[in-house]
Amino acid sequence: MIVVIDTSVWISALQFGHAGSTPLQAVERALRRDTLATAPEINAEIRKVLVVKFLWSSDHARRIVAAYFKKAIHIEISGALRVWRDPNDDMVLECAMLAGAQVIVSGDKDLLVLGAYKGIRILPPAGYLAMSS
């Protein structure tokens, strides 16, 4: 299964994740059992939040993000998709569509309220973990 994980879950896993935390478990499951898909814009947003908001060094954030996405499907998005009011949500939706993802894992209420987009399920980390594969 192809999975896109949005920035809110990545930040929760990387900054606040501790052994057993739901966001970290979701990231670990995606790495272990599924295929991650991402786009340069998503990676840049993750790095920006880690550096600006949580004061990670740019180099450390870059290395960590690169390591997590080493085996991911890397998608080039156009940025032209305008479905939602937040362009960051649109880039996640576009990445998932172009990657042929089955699931978007998100903590973002604006995305979660959609439930699904063009057949792609949008689930919180706990919902993703509850899925059988």
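The values are calculated or read from the model by the stated rules, or taken from the named source; none is laboratory data. Note that this is a predicted model, so its numbers are computed, not measured. Neighbour counts are summed over all protein chains in view; Cβ atoms, including those assigned to glycine, are modelled from backbone coordinates with ideal geometry.
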* To do: Determine whether region 11-22 contains at least one residue that is at pLDDT below 95, of a type in the set (Ser, Thr, Tyr) and closer than 26 Å to Ala130 by Cα.
  => yes
* Could you check, for region 42-63, whether at least one of its residues is free of Cβ contacts under 8 Å to residues at least 60 places away in the same chain, surrounded by 21 or more Cβ atoms within 10 Å (Cβ to Cβ) and of a type in the set (S, T, N, Q)? => no
* Could you list, in sequence order, all residues of region 30-40 that are assigned to a helix (DSSP H, G or I) and either among the acidic types (Asp, Glu) or within 13 Å of the chain's Cα centre (by Cα) (or both)? => Ala30, Leu31, Pro40
* When you look at Val4, is it part of a strand (DSSP E or B) and surrounded by 12 or more Cβ atoms within 10 Å (Cβ to Cβ), yes or no? -> yes
